[in-house]
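Just below is one structure, and these are the notes that go with it.
The values are calculated or read from the model by the stated rules, or taken from the named source; none is laboratory data. Quick caveat, the model's predicted, so the values are computed rather than measured. Here the Cβ positions follow ideal geometry from the backbone for every residue, glycine too, while neighbour counts run over all protein chains shown.
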Amino acid sequence: MIDLDRVAPPPVPAPRSHSWPGALLAMALALILTGAAPVPRIGELRQVAATATASGPWLLTADTLYSTHSRTTGRFDVIAWSLATGKALWQRDVEWWAEVPVLTEAGSALVLATRDSSQKAVVLDSRTGADLVEPGTFTTAAPVGDRVLLWHQPTRRLTLYDPAAKRVAWQRPSETFVGAAVAPDDRLLVLTWSEFATLTLSSGKLIGRTARDKVWGSPVSIVGAVGESAYLLGRINLTGIRLPGRPLWTMTLPLPSDAVACGTRICVSGGAGLFAIDPETGTIAWDNHDWIGGEDGLVRTREGHVVRIDTETGTAQANLGLGLPAGDLLLRPGRGTVSLVDMRTGQIRARQPGVQPGACRRTGEHLACQQEGGQVAVWRLP
């Protein structure tokens, strides 16, 4: 029997239909209509020049790529590539029997030399490839600003060559030669096995000198002026000299390889890590055996991370991740690729396949990398 006085239960509502594709479309339309910025596409860089074959030592400048290519025993080609057109500007062969050359630029001169003076230096006109000095004449060539300092061992003489004027600016006697660096106010710093000297760059006139102290050990390189001081790097020590030639201090430091200004300190990288040194006293303000670098407040750990630090205290402020600094970019390695990360924002600006950060160099708006096959390519940065 049906009870007509009983109130029937309310109907069960039908399940709500979730149309996700429609919802996502509506959200996307809303973002577009409200002017939200789209996520930027990460692409590859635009190539502007590349070597045709594998290159030996190479050099990237503001407007040119210089590459070297072996021909036969004792000879190789030097090729200059325009970054504006991508075409070869000139090519010439060079006689070379020693270790691989180091390529540097000094004004309009391209300098090819060895670190151990085992081969006579070659100085070429960077615009034409022509010889600026007689090949096989000078034992050593060192770029000093936009000029070239040459040392001739048989006559024991230093010569300053001006490539812009294509002439010798001055000559002076020098029994030996280790290295040189420029300093502000028209000064040239010269290190020999017997002394440290400060000269007037334009005339070669002696300003000040100091005889080598036995406590220096055997300096193997010179770091140019940081403020009003220069630094001599030995195998197991570091010496600070107040210009024009007053020794300040010498400290024991294993295998120092570089010295840079970092805040009010001098940051010295070596075999035992990074040391921040008071430039007046030579005392160590702080050290870290896991770091190297320090320039612009950036250091690199032994694991390859780039860290921003407080140079006064040596404390880490931010870990920027794996990579190598290149101006305002961090070159971050990936699987068969390198990512260009903006260090200020953390945004990836581009990815380039077939290269690794350690084979790359940056000059201004260009990045050059040696690829897996040995060819060198140059790209314009975004």
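Which is out of contact with any helix residue (DSSP H, G or I) (no Cβ under 8 Å at 6 or more places or on another chain) and either closer than 24 Å to Leu322 by Cα or among the small types (Gly, Ala, Ser) (or both), of Gly263, Gly294?
Gly294
Which members of region 256-295 meet the condition of being buried (at least 18 other Cβ atoms within 10 Å of the Cβ) and in contact with a Pro (Cβ under 6 Å, 6 or more places away or on another chain)?
Ile266, Val268, Gly270 - these are the residues of region 256-295 that are buried (at least 18 other Cβ atoms within 10 Å of the Cβ) and in contact with a Pro (Cβ under 6 Å, 6 or more places away or on another chain).
For region 121-161: of the residues being of a type in the set (D, E, K, R) and over 15 Å from Leu110 (Cβ atoms), which is surrounded by the fewest Cβ atoms within 10 Å (Cβ to Cβ)? Walk me through it before giving the result.
As a first pass, look at region 121-161 and keep what is of a type in the set (D, E, K, R): 125, 127, 131, 134, 146-147, 156-157.
Keeping just the survivors that are over 15 Å from Leu110 (Cβ atoms) gives 134, 156-157.
Working: Glu134: 9, Arg156: 12, Arg157: 16.
This residue is Glu134.
Give, as residue ranges, the strands (runs of 3 or more DSSP E) completely inside region 59-164 that count at least 3 residues that are touching a Cys at 6+ places or on another chain (Cβ under 6 Å) and among the hydrophobic types (A, V, I, L, M, F, W, C).
Result: empty, no element qualifies.
Within the group Leu320, Leu330, Leu324, Leu340, which residue is over 27 Å from Leu103 (Cβ atoms) and at pLDDT 95 or above?
Leu320
Just to be sure, is Arg212 at pLDDT 95 or above and either touching a strand residue (DSSP E or B) at 6+ places or on another chain (Cβ under 6 Å) or charged (D, E, K, R) (or both)? Explain how you work it out, then say what you get.
Numbers: at pLDDT 95 or above: no; either touching a strand residue (DSSP E or B) at 6+ places or on another chain (Cβ under 6 Å) or charged (D, E, K, R) (or both): yes.
It is false that Arg212 is at pLDDT 95 or above and either touching a strand residue (DSSP E or B) at 6+ places or on another chain (Cβ under 6 Å) or charged (D, E, K, R) (or both).
Given Asp278, Asp258, Asp296, Asp290, which one is modelled with pLDDT under 95 and on the phi < 0 side of the Ramachandran plot?
The match here is Asp258.
Thr345: out of contact with any helix residue (DSSP H, G or I) (no Cβ under 8 Å at 6 or more places or on another chain), polar (S, T, N, Q), within 25 Å of Gly227 (Cβ to Cβ) and exposed (fewer than 14 other Cβ atoms within 10 Å of the Cβ), yes or no?
no
Would you pick out the residues in region 314-329 that are more than 17 Å from Glu365 (Cβ to Cβ) and in contact with a Leu (Cβ under 8 Å, 6 or more places away or on another chain)? Show your work before the answer.
Going residue by residue through region 314-329, those that are more than 17 Å from Glu365 (Cβ to Cβ) are 314-324.
Hits for region 314-329 are Leu320, Gly321, Gly323, Leu324.
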